[in-house]
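The values are calculated or read from the model by the stated rules, or taken from the named source; none is laboratory data. Keep in mind that this is a model prediction, so the values were computed, not measured. For neighbour counting, all protein chains shown are included, and Cβ atoms are generated from backbone atoms with ideal geometry for every residue, glycine included. Just so you know, the surface numbers come from the protein's heavy atoms only, side chains and all, with ligands and any DNA or RNA stripped out. Shrake-Rupley method; radii C 1.70, N 1.55, O 1.52, S 1.80 Å.
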Amino acid sequence: MAMDKLLSRAEKVLIQNVGRFPVVFTRATGSRVYDVNNKEYIDFLSGIAVQAVGHSHPRITAALQKQAEKIIHVSNYFYLEEQIELAEKLTSLSGLDQVFFCNSGAEANEAAIKLARKYGQKYLGGKYEIISAYNSFHGRTFGALAATGQPKYQASFRPLPAGFRYAKFNDLKSWETAISEQTCAVLLELVQGEGGVNPISPDFLHGLAEICRQKGILLIFDEVQTGLGRTGKYFAWQHLGIKPDIITCAKALGEGVPIGALLASDKVASAFQPGDHSTTIGGGGLAFAVGVEVLRIMEEENLPERAAKLGAELISSFQGWQKEIPIIKEIRGWGLLLALELSVPAMPIVDKCFSRGLLINAVTPNAIRLLPALNISRKDLDEGLAILHQTLSEAENQ
Ligand SMILES: Cc1ncc(COP(=O)(O)O)c(C=O)c1O
C-alpha cells in the first residue's frame, strides 16, 4: 500500500504520544532497513540501542523459530531451561549473583526501586529515599519517572511517588548534600543516554561509591542503554572498576523481543521474599532464547571489543571532521554510544540524513546520537558516515 495512505491510517488509529518519522518500514536486515517503497536506509540508531547484532540476524531468527516450536510461556510460577541459562550467563558477565526478569527497561528500574526500598526496610532500619541524577532517564512508568531527573518528562504527570531526590551528575558535592539519613540507594547511568550521551567522570564515581560504602547505601547502575557491549565492555561499570549492588538492563538483551533484567548481589536479592514482586510474562521463552543467543554471538564475535575499537576510530574521524566542519562543537561517548554536539539545531540535520537514507536521532536540541549495531559492516558504516559528512558539511556552509 502507498506510504501516504498507510501514514494517514496510522495517524488515525495510533496515539500520537511520540514524534515519529513519516515512514512505514516493511523489512530489515543487518544494518539496513527498507520502507514500503523499498527505499533503503542505513541504520545508525538500531531501534534506540536495541539491535546490537543487527536486524533479523539469522541466528536470532533461528533461535526464535526453534523456541516458538518448543515452549513460549508458562508464567512466573515455573522455570524454563533458557531462563536459567540466560541468568547464569548474565551473572557471570556482570559479576552479580541473581537475576529477576521482566519486560522492559522501565520495569527493570521499577523492580530496582522496589528492591532498594525492601532492602532499606529489612537491613537499613526503614531507609527509603533514592537519589538519582538531574538529566537522567530511567523510564516512563511512575517509579522510573520519579527517578528521572528531568522536569520535561515529569511535569504533566504530578503528583509523582514520594521518596526521590536529585543531585547534579558529576558533582560530588551535590550528592553529599542530597544524601540524607533516609537514603537507601543511589541510581545512575554511567553514560546518560537520553540526557545527551554524557559520560560519568571516574573521579566522581569513585567518590560517590566511597560515600555509599561508608554509609551502607546501595549503588544501582541503570545499564539499560549502556549494557551488553555497547560502550566497549559487557557492562559500563567494567570500565571504571566500581561494581554496583544492582544493575538493570534491557534493550540489546532481546533485540526487540521485550525483556528487562535486574541483576543483584546475593545479599541485596535476599531482601525480596516470595510475593514481593512479580510479572506474568517476565521475559518469556522467546526472549530468553534470544538473550542466550545474543550473548553467544557477542562472545564468539568479540562484539564489545569491536564496539570499543570502532568507537575509538569514529571519535578520531570526527575529530578530523571538526577541522573542516566547526559546527561540530563536541564529540562525546563511549564505544558505539556517541553524540556530536552541534552549534546549530540537530533536527534539520536528522531530517536531511533521513531523506538521504540514514537513520540517526536528535538526542537533545543540538546533539545527534549515533548507535550503530556492534557488528555493523565497514561498508554500511562508511556509507552512513558519507551521508552524515555531506549533510554536516552542507549545514556548515549554509
Ligand atoms: C538508561 C535507560 N533506562 C531506562 C530506559 C527505559 O527503558 P524502556 O524504554 O525499555 O522502558 C531507557 C530507555 O531509553 C534508558 O535509556
Lone qualifier among 155, 106, 116, 162 - being aliphatic (A, V, I, L, M), open to solvent by 10 Å² or more (accessible area, probe 1.4 Å), in the same structural domain as residue 277 (by TED's automatic domain parsing) and under 22 Å from residue 191 (Cβ atoms) | 106
Can you pull out the residues in the stretch 179-190 that are open to solvent by less than 10 Å² (accessible area, probe 1.4 Å) and away from the ligand (no atom under 16 Å from the Cβ)?
-> 183, 184
Would you call residue 258 open to solvent by 10 Å² or more (accessible area, probe 1.4 Å), more than 22 Å from residue 310 (Cβ to Cβ), within 11 Å of the ligand (Cβ to nearest atom) and modelled with pLDDT of 95 or more?
-> yes
When you go through (1) among the basic types (Lys, Arg); (2) outside any helix (DSSP H, G or I); (3) surrounded by fewer than 23 Cβ atoms within 10 Å (Cβ to Cβ) one by one for residue 352, which number turns out not to apply?
-> (2)
Looking at 10, 62, which is the one that is outside the structural domain of residue 373 (by TED's automatic domain parsing), over 25 Å from residue 368 (Cα atoms) and open to solvent by less than 60 Å² (accessible area, probe 1.4 Å)?
-> 62
All positions within the stretch 11-34 that are of a type outside the set (Phe, Trp, Tyr) and in contact with a Lys or Arg (Cβ under 8 Å, 6 or more places away or on another chain) | 33
Per the filter on the stretch 191-221, residues of a type in the set (Val, Ile, Thr), more than 15 Å from residue 237 (Cβ to Cβ) and more than 12 Å from the ligand (Cβ to nearest atom) are 211, 217
Within the stretch 329-349, considering residues that are part of a loop (DSSP other than H, G, I, E, B) and under 20 Å from the mean Cα position of the chain (by Cα), the one farthest from residue 312 (Cα to Cα) | 336
Would you call residue 43 under 20 Å from the mean Cα position of the chain (by Cα), in the same structural domain as residue 377 (by TED's automatic domain parsing) and either open to solvent by 40 Å² or more (accessible area, probe 1.4 Å) or more than 16 Å from the ligand (Cβ to nearest atom) (or both)?
-> yes
Could you please give the count of residues in the stretch 93-146 that are within 12 Å of the ligand (Cβ to nearest atom) and part of a loop (DSSP other than H, G, I, E, B)?
-> 9
Within the stretch 75-103, work out how many residues are more than 22 Å from residue 273 (Cβ to Cβ) and either outside the structural domain of residue 234 (by TED's automatic domain parsing) or charged (D, E, K, R) (or both).
-> 5
